[in-house]
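Asker: What follows is a single structure, and I will ask about it in a moment.
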Protein chains: 2
Amino acid sequence: MIDYTGTYTDQYELSMALVYFKKNRYNEKAVFDYFFRKLPFGGGYAIFAGLDDLLGAIENLRFDNMDISFLKKTGFPDDFLNYLKHFRFTGNLYSCREGELVFPAMPILTVEANLIEAQIIETLLLNILNLQTLVATKASRMKLVAKGGKLVDFGLRRAHGPGGYYASRAAMIGGFDATSNVRAGRDYNIPVSGTMAHSFVQSYDDELTAFRDFAQVHPENCVLLVDTYDTLKNGLPNAIKVGKEMQERGERLRAIRLDSGDLAYLAKEVRKRLDAEGLHEVTIAVSNQLDEYVIKSLNEQNAPIDLFGVGTSLVTGKPDAALDGVYKLAHSGGKPRIKLSESLTKITLPHKKQVFRLMNEEGTWAGADIISLAGEDEFETMHHPFEPGKNMFVGDLQKEPLLEPVMENGKRCTGKKSMNEIAAYSSERIEKLSGEFKRFSNPHVYKIGISDKLKSERARLAGTRRS
Amino acid sequence: MIDYTGTYTDQYELSMALVYFKKNRYNEKAVFDYFFRKLPFGGGYAIFAGLDDLLGAIENLRFDNMDISFLKKTGFPDDFLNYLKHFRFTGNLYSCREGELVFPAMPILTVEANLIEAQIIETLLLNILNLQTLVATKASRMKLVAKGGKLVDFGLRRAHGPGGYYASRAAMIGGFDATSNVRAGRDYNIPVSGTMAHSFVQSYDDELTAFRDFAQVHPENCVLLVDTYDTLKNGLPNAIKVGKEMQERGERLRAIRLDSGDLAYLAKEVRKRLDAEGLHEVTIAVSNQLDEYVIKSLNEQNAPIDLFGVGTSLVTGKPDAALDGVYKLAHSGGKPRIKLSESLTKITLPHKKQVFRLMNEEGTWAGADIISLAGEDEFETMHHPFEPGKNMFVGDLQKEPLLEPVMENGKRCTGKKSMNEIAAYSSERIEKLSGEFKRFSNPHVYKIGISDKLKSERARLAGTRRS
């Protein structure tokens, strides 16, 4: 979809790269971590998404001729431009699986590469992962409350330009069933769905003829939008007439769509009248400013809704609108690195690391992950990352490592997963998370701890820096 | 940037198009209006942006081979696919100028084309215009309160994928001065800006050496980020040292950037110490979760800030995250068309229309626009669009028509405007809007009225439909 080129980055990445280049530091190895600090939507978890797109983008990232001439014009010197002409990413990536449940402060993905390459991909990485993780998480919240109802992404018109294309993919990872976005359907192999707008009905002199024409051309997939003039007085009676005509022809009116008014009341009313007319198999689809709270409320009211079409709130991740994912240096030039801050929560974790999900003997999740130095795998205790003195005995728990190599020397080293596989993995992981982490109001806090060694390393480095 | 193809649309556009095709209605002419219902950010105006990108996308829109084979696979019949293979948009567009101040309910852009073409471009049009109008409006709000401070877009990492590319363009239209987004700089001829991240400082054993190396490689554009370890204890003293070394070499430290802590307090402290050291010409840049309210507050506190770097809130249009722009049928098959709703504000305006900005004799804006049928140009009275009985005498006011042809038979018919021209137009228009419409709290409501004729036509059609 996008021709990502080397200039798909922030200017400061190139300004820094120039210094590393001029100071002969371009082969210096560095380790950067991708993580976020705050769970979106006040929820208890997030779903990691965007990895596959990111790997493709990084593998193919080059500075093209237009990039080079633009950078020349803005003052970059020829020797550096010559380096950029031959740029490719040659580093390693370690990552959680796409669809994994992730939590604040834990490294979700680690980049190990020379400084210049690691900096140049920073913006691209954040740009891809922050959006898809945000939207997959939002989608998952809707899935939690949709009960049996199908979820369809209707968001492209309100999405942030082509961000909507990636949002449609992320929605599937979070548990959606289909999208209205044809291009995303084409490229990501997502089921597409869609029937008619109000304009279709308006373009006819009468609603009944509009419905009949539609049914005739789409006998297999006839969904009638009934609120162009008046849902109960016109739309529904006309739809029932067409539904019965289809029945007589041995066809089936698939659904009725409600797009305004009180959806709970209307859905009940529509269901009653459809059933009274023997149109039991006609389902009810609703849309109009839905989000996870509206869907939950509709289901709590036992509104007989079979499909929810969700737009704005899904694809824009409203009201948060962004995940605060960051990319921080943890190691370079053979040394662990740290960034300090007045706020302990903003002090970074040095060294290359691993994250383990902790489980009880039976394999159920313990509701805690531990971040350790890479290579460690025996722990007695894990420490709260920010609150001194708070710790937990973990010596008896099983550990599942979450970061695995996904790119080696600039090439993918794991098979490409299908959308269905990624969505299935995500759904499997959500199943393992117990309910108290999934509720909307004050969800239980999933514990993220750090190992003894990581804790002392952070303290040691902070001490050095502060002195 | 994006290869927009015919499938960059919602599935329902194609489902409807198939019916029009099968029913031999493909040459039936239709008129659709683009407008929104609610001003974003609780503000008093919006800035229309995205037009030039839209015109380019529509002119070049084709169904490529991958589109056609995907649509075949999903069941579209061969005769229709053959039509799509030769698809191009052949209609006319009438639009406000890009950068225009726009208000709820007024047609901002009108599409006049055959039904199929007009439907197929709907999603693309909304996807492009909704984002850019949202972001240009957000940017403009920051410009209003930035006083002399420069505004730089730092948002790509938190933007919605490639939506960030378009957001950078829109930010310039709203009054920003530069972007960190190199690709947007390259393609849209926007000044780019950027210096160093914390990782740059961290990658050195000491901050001073990091600053010195940077100054040496970037003597003309040295901005030092001073909060990696401790702003006042380490960062500032080191920056001052480097600033004086540069001074001695006849160079100039351009700026210091603050990215955490209390920005008002720190900016004052930094300014005082810089001045005490004779570094008067070193400017102060700040970043970290800025939005229009923070910028306003910093300026009210007289914080001596020269540049504001704004990310998330700008490019995501937080907290609204979307503009509710819609695309509604107003005329088709030779007849005016209407959509009804229980809520009067959701009843559409039939017919092809024009919008006039009303001005007093001296040319100052009257704070009102009138929507009329196309071709009308004499009005005594304008009517509130939704509140019966409310009207205003406008017979003595001058009128500036806002909708002008921008595309004829599928080809642009106005010259392409440069970013600077569009931004200058927007700024000129903002100047003409009086202050009470621009304040953040309860801005005065700009009046949008409808003409006598439009009012009676709407009433007539609503009556027919309701009967």
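Asker: If you take the residues in the stretch B:108-135 that are acidic (Asp, Glu) and either over 23 Å from A:Arg183 (Cα atoms) or touching a residue at least 40 places away in the same chain (Cβ under 8 Å) (or both), which one is least open to solvent (accessible area, probe 1.4 Å)?
Answerer: Narrowing the stretch B:108-135 to residues acidic (Asp, Glu): B:112, B:117, B:122.
Filter once more, so that each one left must be either over 23 Å from A:Arg183 (Cα atoms) or touching a residue at least 40 places away in the same chain (Cβ under 8 Å) (or both): B:112, B:122.
Values: B:Glu112: 39, B:Glu122: 7 Å².
If we take residues in the stretch B:108-135 being acidic (Asp, Glu) and either over 23 Å from A:Arg183 (Cα atoms) or touching a residue at least 40 places away in the same chain (Cβ under 8 Å) (or both), then B:Glu122 is least open to solvent (accessible area, probe 1.4 Å).
Asker: Give me a count of the residues in the stretch A:168-195 that are in contact with a Lys or Arg (Cβ under 9 Å, 6 or more places away or on another chain), hydrophobic (A, V, I, L, M, F, W, C) and buried (at least 23 other Cβ atoms within 10 Å of the Cβ).
Answerer: The total comes to 6.
Asker: Does any residue in the stretch A:278-298 that is open to solvent by less than 50 Å² (accessible area, probe 1.4 Å) come within less than 8 Å, Cβ to Cβ, of a residue that is outside any loop (DSSP other than H, G, I, E, B) and hydroxyl-bearing (Ser, Thr, Tyr) six or more places away or on a different chain, and which pairs are these?
Answerer: Between residues of the stretch A:278-298 that are open to solvent by less than 50 Å² (accessible area, probe 1.4 Å) and residues that are outside any loop (DSSP other than H, G, I, E, B) and hydroxyl-bearing (Ser, Thr, Tyr), the close pairs are A:Leu290/A:Ser313; A:Asp291/A:Ser313; A:Glu292/A:Ser313.
Asker: Farther than 21 Å from A:Val355 by Cα and either surrounded by 13 or more Cβ atoms within 10 Å (Cβ to Cβ) or within 14 Å of chain B (Cβ to nearest Cβ) (or both): is that true of A:Pro385 in this structure? Steps first, please.
Answerer: On the way: farther than 21 Å from A:Val355 by Cα: no; either surrounded by 13 or more Cβ atoms within 10 Å (Cβ to Cβ) or within 14 Å of chain B (Cβ to nearest Cβ) (or both): yes.
So A:Pro385 does not fit the description; no.
Asker: Between B:Ala184, B:Ala197, B:Ala159, which is more than 19 Å from B:Lys318 (Cβ to Cβ), modelled with pLDDT of 95 or more and facing another protein chain (nearest Cβ under 7 Å)? Steps first, please.
Answerer: Values: B:Ala184 fails: facing another protein chain (nearest Cβ under 7 Å); B:Ala159 fails: more than 19 Å from B:Lys318 (Cβ to Cβ).
The conditions single out B:Ala197.
Asker: Filter the stretch A:56-76 down to residues that are crowded, with 19+ Cβ neighbours inside 10 Å and small (Gly, Ala, Ser), then give me how many there are.
Answerer: So the answer is 1.
Asker: From the list B:Gly435, B:Gly375, which residue is loosely packed, with under 13 Cβ neighbours inside 10 Å and over 22 Å from the mean Cα position of the chain (by Cα)? Spell out how you get there, then give the answer.
Answerer: On the way: B:Gly435 fails: over 22 Å from the mean Cα position of the chain (by Cα).
Being loosely packed, with under 13 Cβ neighbours inside 10 Å and over 22 Å from the mean Cα position of the chain (by Cα) holds for just one of B:Gly435, B:Gly375, which is B:Gly375.
Asker: Something else about it: Looking at (1) facing chain A (nearest Cβ under 9 Å); (2) open to solvent by 10 Å² or more (accessible area, probe 1.4 Å), find the lone condition where B:Leu144 falls short.
Answerer: Among (1) facing chain A (nearest Cβ under 9 Å); (2) open to solvent by 10 Å² or more (accessible area, probe 1.4 Å), the lone unmet condition for B:Leu144 is (1).
Asker: For the list (1) within 11 Å of chain A (Cβ to nearest Cβ); (2) of a type outside the set (Gly, Ala, Ser); (3) under 28 Å from the mean Cα position of the chain (by Cα); (4) buried (at least 20 other Cβ atoms within 10 Å of the Cβ), I need the number of the one condition that B:Asp3 fails.
Answerer: Condition (4) is where B:Asp3 drops out.
Asker: Which is touching a Gly at 6+ places or on another chain (Cβ under 6 Å), facing chain B (nearest Cβ under 10 Å) and within 24 Å of A:Arg412 (Cα to Cα), of A:Glu28, A:Glu13? Don't jump to the end; show me each part of the working.
Answerer: Values: A:Glu13 fails: touching a Gly at 6+ places or on another chain (Cβ under 6 Å).
Result: A:Glu28 is the single residue among A:Glu28, A:Glu13 that is touching a Gly at 6+ places or on another chain (Cβ under 6 Å), facing chain B (nearest Cβ under 10 Å) and within 24 Å of A:Arg412 (Cα to Cα).
Asker: Output the number of residues of the stretch B:63-80 satisfying the condition of being within 22 Å of A:Met1 (Cβ to Cβ), hydrophobic (A, V, I, L, M, F, W, C) and in contact with a Leu (Cβ under 9 Å, 6 or more places away or on another chain).
Answerer: Residues of the stretch B:63-80 that are within 22 Å of A:Met1 (Cβ to Cβ), as a first pass: B:63-74, B:76.
Keeping just the survivors that are hydrophobic (A, V, I, L, M, F, W, C) gives B:63, B:66, B:68, B:70-71, B:76.
Still in the list and also in contact with a Leu (Cβ under 9 Å, 6 or more places away or on another chain): B:63, B:68, B:71, B:76.
Count: 4.
Asker: Here is a further query. Among all residue pairs at least 6 apart or on different chains, which show Cβ distances below 7 Å where the first residue, located in the stretch A:368-395, is not assigned by TED's automatic domain parsing to the domain that holds A:Lys352 and the second is in a loop (DSSP other than H, G, I, E, B) and of a type in the set (Gly, Ala, Ser)?
Answerer: Sorted first by the residue in the stretch A:368-395, then by its partner, the list stays empty.
Asker: Can you report the number of residues in the stretch B:413-427 which are under 16 Å from the mean Cα position of the chain (by Cα) and either of a type outside the set (A, V, I, L, M, F, W, C) or open to solvent by 80 Å² or more (accessible area, probe 1.4 Å) (or both)?
Answerer: Residues of the stretch B:413-427 that are under 16 Å from the mean Cα position of the chain (by Cα), as a first pass: B:417-427.
Retained after the next criterion (residues that are either of a type outside the set (A, V, I, L, M, F, W, C) or open to solvent by 80 Å² or more (accessible area, probe 1.4 Å) (or both)): B:417-418, B:420-421, B:425-427.
Of the residues in the stretch B:413-427, 7 are under 16 Å from the mean Cα position of the chain (by Cα) and either of a type outside the set (A, V, I, L, M, F, W, C) or open to solvent by 80 Å² or more (accessible area, probe 1.4 Å) (or both).
Asker: Next question. What number of residues within the stretch A:10-55 satisfy the criterion of being in a loop (DSSP other than H, G, I, E, B), touching an Asp or Glu at 6+ places or on another chain (Cβ under 7 Å), open to solvent by less than 10 Å² (accessible area, probe 1.4 Å) and not aliphatic (A, V, I, L, M)?
Answerer: Residues of the stretch A:10-55 that are in a loop (DSSP other than H, G, I, E, B), as a first pass: A:23-28, A:36-39, A:43-45, A:48-50.
Pick out the ones that are also touching an Asp or Glu at 6+ places or on another chain (Cβ under 7 Å) and you get A:23, A:36-38, A:48-49.
From the residues that got through so far, the ones that are open to solvent by less than 10 Å² (accessible area, probe 1.4 Å) too are A:36, A:48-49.
Those left that are additionally not aliphatic (A, V, I, L, M): A:36, A:48.
Within the stretch A:10-55, residues that are in a loop (DSSP other than H, G, I, E, B), touching an Asp or Glu at 6+ places or on another chain (Cβ under 7 Å), open to solvent by less than 10 Å² (accessible area, probe 1.4 Å) and not aliphatic (A, V, I, L, M) number 2.
Asker: To continue, here is another question. Name every residue in the stretch B:91-104 that is over 17 Å from B:His331 (Cα atoms) and open to solvent by 10 Å² or more (accessible area, probe 1.4 Å), in order of residue number.
Answerer: Result: B:Arg97, B:Glu98, B:Pro104.
Asker: Let me ask you something else. Among the residues of the stretch B:207-246, count how many are within 11 Å of chain A (Cβ to nearest Cβ), part of a loop (DSSP other than H, G, I, E, B), open to solvent by 10 Å² or more (accessible area, probe 1.4 Å) and not charged (D, E, K, R).
Answerer: Number of matching residues: 3.
Asker: Let me ask you something else. Working only within the stretch A:318-337, note down all residues that are facing chain B (nearest Cβ under 7 Å) and out of contact with any Asp or Glu (no Cβ under 8 Å at 6 or more places or on another chain).
Answerer: Correct list: A:Pro319, A:Ala321, A:Ala322, A:Leu329, A:Arg337.
The values are calculated or read from the model by the stated rules, or taken from the named source; none is laboratory data. Not measured: the values here are computed from a predicted model. Please note: Cβ atoms are built from the backbone with ideal geometry, for glycine as well, and neighbour counts cover all protein chains shown. Side chains included, ligands, DNA and RNA excluded: accessible areas come from the protein's heavy atoms. Shrake-Rupley method; radii C 1.70, N 1.55, O 1.52, S 1.80 Å.
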